[in-house]
């Protein structure tokens, strides 16, 4: 919970700066670029997140790696993160910034899990139903999870709609277990 609260504060500050400059999308692209750089260079990530590396060294590394690749606002964000020992929050700040951008645009991210790849026709149906359900523009992400056996699991923020065969079988098993336990106690 603390990680989310801290990340949201930084993302909100960055969002307000980007909004005032009319650069919301540019800021997101800069954050994604930095996230990608850190993902591709594990040694850079370890150095920046290490508590044994002095802040001045971390800032020098960041300046050398990022200065020509991102704008001054993004670079300054990382300086602040280093100063406050918040380097580990990068991914969650990017996620929080994306959420703020979606909210600004009346969008919601929805993850749809299925046991096998959905056809384009089914994807269109899901898209239409989710737009009707949320009354928002939807950003659908599809994942194949064979363990579901069939059906769909839909995640809207912190809400989950589980219509998977696996979930239905689990519910049946629980009901049968309760019925069996009740029969033993009553019998």
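The condition of being assigned to a helix (DSSP H, G or I) and at pLDDT below 95 holds for only one of 70, 53, 34, that being 34. Only one of the listed residues (166, 102) is under 23 Å from residue 32 (Cα atoms) and either surrounded by 13 or more Cβ atoms within 10 Å (Cβ to Cβ) or assigned by TED's automatic domain parsing to the domain that holds residue 16 (or both). That residue is 102. Any residue at all in segment 77-87 that is outside any helix (DSSP H, G or I) and in contact (Cβ under 8 Å) with a residue 60 or more places away in the chain? Looking through segment 77-87, at least one residue is outside any helix (DSSP H, G or I) and in contact (Cβ under 8 Å) with a residue 60 or more places away in the chain. Applying the criterion of being under 14 Å from residue 140 (Cβ atoms) and surrounded by fewer than 18 Cβ atoms within 10 Å (Cβ to Cβ) to the residues of segment 105-117, the residue that is farthest from the chain's Cα centre (by Cα) is 117. Take the conditions (1) touching a helix residue (DSSP H, G or I) at 6+ places or on another chain (Cβ under 7 Å); (2) assigned to a helix (DSSP H, G or I); (3) over 27 Å from residue 39 (Cβ atoms); residue 132 misses just one of them, which is (1).
The values are calculated or read from the model by the stated rules, or taken from the named source; none is laboratory data. Everything numeric in this text was worked out from a predicted model, so none of it was measured. Glycine gets a Cβ as well: all are built from the backbone with ideal geometry, and neighbour counts include every protein chain shown.
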